[in-house]
Amino acid sequence: CEKPDARPLRQRLLVVANRLPVSAVRRGEDSWSLEMSAGGLVSALLGVKEFEARWIGWAGVNVPDEVGQKSLTKALAEKRCIPVFLDEEIVHQYYNGYCNNILWPLFHYLGLPQEDRLATTRSFQSQFAAYKKANQMFADVVHQHYEEGDVVWCHDYHLMFLPKCLKEYNNNMKVGWFLHTPFPSSEIHRTLPSRSDLLRSVLAADLVGFHTYDYARHFVSACTRILGLEGTPEGVEDQGRLTRVAAFPIGIDSDRFIRALELPQVQDHIKELKERFAGRKVMLGVDRLDMIKGIPQKILAFEKFLEENSHWRDKVVLLQIAVPTRTDVPEYQKLTSQVHEIVGRINGRFGTLTAVPIHHLDRSLDFHALCALYAVTDVALVTSLRDGMNLVSYEFVACQDSKKGVLILSEFAGAAQSLGAGAILVNPWNITEVADSIRQALTMLPEEREKRHRHNFVHVTTHTAQEWAETFVSELNDTVIEAQLRTRQ
Ligand code: ADQ
């Protein structure tokens, strides 16, 4: 039997992400309630048996006092989570500012905010300084908990400075970095005042991963054009040191969705939904309420479809479920009002006393309700203007093995590269094209639906989240071994 202080036999994996997979709510001076959130990354890593994963990140709460910090650290340790404490000012400048106001829109081709176009503006400089400071705070916590042999996997655009900070602590640390958003064309990246600093610090990692080959290619060409470094088929070379760059498309825990469909509570939900929408085809959109998701474009395309196909008006309903995010940011508030206004107008125009064509919910659904909705849907609509991958399209496919519904998918989502052969691909900016694809999807013959669904279902159930995580980490281990062999030669 294992001694309590024995070192684990499995390799330790330190997963560093801006947010921990746990939300903490303070109940008293030293008491906390913790709720695990089941996002894609969490379920990916829960399924990986080969490694012993620990999480390092911000718990999403401001804990200014030492008693609170100690008690939260203790409570989180039971969930294998290690907190990074960020104060309100840092969160404002680093998270709301540099991450969400600058990097997020830029990486999704929405450009830089007008007032930040010049590198000299105070807000840009102070936000970038806070970004670097926050990344250093993450590095300090990693350094405190690091043990020789650990693998450190840094996630996303919030932590582009982290690989450099970690290697400054310990050049032998195995460091991987993965981006969940697109990496834009080098022509876009070069508009960023801190473009070189960010690229250089990401390059300090041993392995850099993206969802698609295109994003990896954009990153390599940004390094060659902006930094003047050499791009090779393996990655980017700088003075004899290679940073490996590759595509690792994420997946979902498809079994979790498929199993959920058998549960009595999900079956009950399915029955209710079928009764509620009997005689009408169900179209579904599930998104965070973010400008990258193209929600207004989707709804306008649906309006155009109703306009041009009057016989469908009382035979189809669009359910749009949108979780509000970043609600304190003015652009997001504007988007919410815009969506409400369009939905109101269309319902006023095409609704009857007994039915409306669009049901729009501004909230999150629990997992079981979401699975039931996916299962009863005839046509799912994903119209992202840009999206790193888009897991909603995967989740829909996983829940459709009996119905074999149709997926309409934006060609600007990473998922278009994996589910493109089964989905109807659209340019979400082209409202006429999306409206036509809605008609095509609603009238598609069963054999065609079956063929398309089969293609996507096989992909979603074989390229899972677990496979994604295992492939990335084993590639990182191999990359470091190869680099060591190269230096010995
Ligand atoms: P997101 O932009 O959040 O992720 P997505 O990949 O679609 O986008 O994942 C959203 C997740 O939230 C899904 O698991 C979905 O079920 C859930 N969700 C969305 N709306 C919901 C609602 N109303 N109720 C309940 N759950 C809801 C970022 C990138 C993506 C990339 C992922 C993973 O922007 O491009 O695919 O990370 O790398």
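The values are calculated or read from the model by the stated rules, or taken from the named source; none is laboratory data. Everything quoted here is computed from the prediction, not taken from an experiment. Backbone-built Cβ (ideal geometry, glycine too); neighbour counts: all protein chains shown.
Check region 372-383 and report whether any residue there is assigned to a loop (DSSP other than H, G, I, E, B), within 10 Å of the ligand (Cβ to nearest atom), in contact with a Gly (Cβ under 7 Å, 6 or more places away or on another chain) and closer than 22 Å to H108 by Cα.
Just the residues of region 372-383 that are assigned to a loop (DSSP other than H, G, I, E, B), to begin with: 377-378, 383.
Checking which are within 10 Å of the ligand (Cβ to nearest atom) leaves us with none.
No, region 372-383 contains no residue that is assigned to a loop (DSSP other than H, G, I, E, B), within 10 Å of the ligand (Cβ to nearest atom), in contact with a Gly (Cβ under 7 Å, 6 or more places away or on another chain) and closer than 22 Å to H108 by Cα.
Kindly indicate whether S418 is touching a residue at least 24 places away in the same chain (Cβ under 8 Å) and either within 15 Å of the ligand (Cβ to nearest atom) or of a type in the set (V, I, T) (or both).
yes
Only one of these conditions is not met by R259: (1) assigned to a helix (DSSP H, G or I); (2) in contact (Cβ under 8 Å) with a residue 12 or more places away in the chain. Which number is it?
Condition not satisfied by R259: (2).
State whether one or more residues within region 286-309 are touching a Phe, Trp or Tyr at 6+ places or on another chain (Cβ under 9 Å), modelled with pLDDT of 95 or more and part of a strand (DSSP E or B).
Yes, because at least one residue in region 286-309 is touching a Phe, Trp or Tyr at 6+ places or on another chain (Cβ under 9 Å), modelled with pLDDT of 95 or more and part of a strand (DSSP E or B).
Residues checked against (1) within 11 Å of the ligand (Cβ to nearest atom); (2) among the β-branched types (V, I, T); (3) within 20 Å of K271 (Cα to Cα):
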residue: Q338; (1), (2), (3): no, no, no
residue: H359; (1), (2), (3): no, no, yes
residue: R363; (1), (2), (3): yes, no, no
residue: A369; (1), (2), (3): yes, no, yes
residue: L385; (1), (2), (3): no, no, no
residue: F396; (1), (2), (3): yes, no, yes
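From the residues in region 338-372 that are modelled with pLDDT of 95 or more and polar (S, T, N, Q), which one is nearest to P113 (Cα to Cα)?
Q338
Within region 237-269, restricting attention to residues that are surrounded by 18 or more Cβ atoms within 10 Å (Cβ to Cβ) and more than 16 Å from the ligand (Cβ to nearest atom), which residue is farthest from the chain's Cα centre (by Cα)?
Among those residues, the one meeting the criterion is L242.
Test V317 against the stated conditions and say whether it is part of a strand (DSSP E or B), surrounded by 13 or more Cβ atoms within 10 Å (Cβ to Cβ) and away from the ligand (no atom under 16 Å from the Cβ).
On the way: part of a strand (DSSP E or B): yes; surrounded by 13 or more Cβ atoms within 10 Å (Cβ to Cβ): yes; away from the ligand (no atom under 16 Å from the Cβ): yes.
It is true that V317 is part of a strand (DSSP E or B), surrounded by 13 or more Cβ atoms within 10 Å (Cβ to Cβ) and away from the ligand (no atom under 16 Å from the Cβ).
Out of V339, V343, V392, report the one residue that is among the hydrophobic types (A, V, I, L, M, F, W, C), within 26 Å of H108 (Cβ to Cβ) and within 18 Å of the chain's Cα centre (by Cα).
Sole residue among the options that is among the hydrophobic types (A, V, I, L, M, F, W, C), within 26 Å of H108 (Cβ to Cβ) and within 18 Å of the chain's Cα centre (by Cα): V392.
Among the residues of region 441-456, which ones are in contact (Cβ under 8 Å) with a residue 24 or more places away in the chain and either of a type outside the set (D, E, K, R) or touching a Pro at 6+ places or on another chain (Cβ under 8 Å) (or both)?
Of everything in region 441-456, those that are in contact (Cβ under 8 Å) with a residue 24 or more places away in the chain and either of a type outside the set (D, E, K, R) or touching a Pro at 6+ places or on another chain (Cβ under 8 Å) (or both) turn out to be A441, L442, M444, P446, H453, H455, N456.
Mind listing just one residue for me: the one in region 398-415 that is more than 8 Å from the ligand (Cβ to nearest atom) and in a strand (DSSP E or B) and, of those, farthest from the chain's Cα centre (by Cα)?
Only one residue tops the list, namely V406.
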